[in-house]
Amino acid sequence: MMAPESEQLRLEQVAADSWYAKSANAATIRYSAKIFSRHWRGTRCLELGPAEGLMTPVLAASFPELTIVEGSNQFCESLRTRFPSANIVQSLFEHFRPVSKFDTIILGHVLEHVDSAPLLLQLVRNWLNPHGVICSAVPNARSLHRQAAVLMGFLPTEHSLSEADLHHGHRRVYDPESYRAAFRAAGLKIHAFGGYWLKPLSNAQIEQAWTPEMLDAFMELGERYPDIAGEIYVIAGA
């Protein structure tokens, strides 16, 4: 594993030029919140790695007790100002030690970033109440736009890291099989699997021409075709 100092520097570099709040990326995070809300439960929620906190307003309105763990100091300062009633913890996920367990744990675009996804999933399993749920989402290697990029020679394979992946700080790209396998390997039970955002083009191309209505329609279409959707999700429990 990377030294904590190196990982902290890496997080601050990503935060300094984050794209998650930009048009298409922001739309995916908001849509994933819509999907997660069908499954989350209880009163105590833990959100890991919210970055700019695009999903956080929905969580703050839905859970009386909200804990947020974010590695970047830049993001934490903003989150503390915007969500004064939430418990904001600046920490690497691997170093976080909660004093009590949670009913719902949100891993929105987290597993593709961390040094050791298996370790994090094992930790998260121990932080979950007996009947709690984990709501997780990641980019899909089998997304239409990645398959097209391979055919055009822009990516060596569907699992290769693109320039955008590297900018976001991604370390891996999951396909539906490897994603579900990661949860099972951690001893977690998958309650639901799906996808959203049927994405035929890159974000830059979409943002040049698509209307908000088009984005909404293609977000929903992805639920019909999860294997080739731009994003995939897992709802799991211990």
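Of the conditions (1) open to solvent by 20 Å² or more (accessible area, probe 1.4 Å); (2) over 19 Å from F193 (Cα atoms), H131 clears all except one; give me its number.
The number of the failed condition is (2).
Look through V110, V124 and report the one residue that is assigned to a loop (DSSP other than H, G, I, E, B), among the aliphatic types (A, V, I, L, M) and open to solvent by less than 10 Å² (accessible area, probe 1.4 Å). Please lay out each step first, then the result.
Details: V124 fails: assigned to a loop (DSSP other than H, G, I, E, B).
From the options V110, V124, the qualifying one is V110.
With the condition kept exactly as written, say whether any residue in region 139-147 is open to solvent by less than 40 Å² (accessible area, probe 1.4 Å), of a type in the set (A, V, I, L, M) and in contact (Cβ under 8 Å) with a residue 40 or more places away in the chain.
There is no residue in region 139-147 that is open to solvent by less than 40 Å² (accessible area, probe 1.4 Å), of a type in the set (A, V, I, L, M) and in contact (Cβ under 8 Å) with a residue 40 or more places away in the chain.
Let me spell it out: the conditions are (1) within 26 Å of A51 (Cα to Cα); (2) polar (S, T, N, Q); (3) assigned to a helix (DSSP H, G or I), and Q147 meets all of them except one. Which number is the exception?
Every condition holds for Q147 apart from (1).
Here is a list: G194, G153, G169. Which entry is modelled with pLDDT of 95 or more and farther than 17 Å from D227 by Cβ?
Matching residue, one of G194, G153, G169: G153.
Out of (1) crowded, with 18+ Cβ neighbours inside 10 Å; (2) β-branched (V, I, T); (3) touching a strand residue (DSSP E or B) at 6+ places or on another chain (Cβ under 7 Å); (4) closer than 30 Å to T43 by Cα, the odd one out for V173 is which?
(4)
Filtering region 69-104 down to residues that are closer than 26 Å to L166 by Cα and hydrophobic (A, V, I, L, M, F, W, C), which residue is surrounded by the most Cβ atoms within 10 Å (Cβ to Cβ)?
F75
When only residues in region 174-194 that are outside any strand (DSSP E or B) and of a type in the set (S, T, Y) count, which is farthest from L121 (Cα to Cα)?
S178
Looking only at residues that are crowded, with 17+ Cβ neighbours inside 10 Å and part of a helix (DSSP H, G or I) in region 11-27, which one is modelled with the lowest pLDDT?
Residue satisfying both the conditions and the ranking: A15.
For residues that are open to solvent by 60 Å² or more (accessible area, probe 1.4 Å) and outside any loop (DSSP other than H, G, I, E, B), scanning just region 58-68, find the one that is nearest to E5 (Cα to Cα).
So the residue we want is E65.
Note down all Cβ pairs under 6 Å where the first residue falls in region 37-64 and is under 17 Å from E77 (Cβ atoms), the second is among the polar types (S, T, N, Q) and modelled with pLDDT under 95, and they're at least six residues apart or on different chains.
Sorted first by the residue in region 37-64, then by its partner, the pairs are A51/S18.
Return the only residue of E213, E207 being more than 20 Å from the chain's Cα centre (by Cα), open to solvent by 20 Å² or more (accessible area, probe 1.4 Å) and closer than 30 Å to E12 by Cβ.
E207
Across region 28-44, what is the total count of residues that are within 25 Å of H170 (Cα to Cα) and modelled with pLDDT of 95 or more? Let's see the steps before the verdict.
So the first thing to find is which residues in region 28-44 are within 25 Å of H170 (Cα to Cα), and the list is 28-36.
Retained after the next criterion (residues that are modelled with pLDDT of 95 or more): 31-36.
Final tally of qualifying residues: 6.
The values are calculated or read from the model by the stated rules, or taken from the named source; none is laboratory data. As the structure is a computational prediction, the values presented were derived from the model and not from experiment. Virtual Cβ from ideal backbone geometry, glycine too; neighbours counted across all protein chains shown. What goes into the accessible areas is simple: the full protein's heavy atoms, side chains included, and nothing from ligands, DNA or RNA. Shrake-Rupley method; radii C 1.70, N 1.55, O 1.52, S 1.80 Å.
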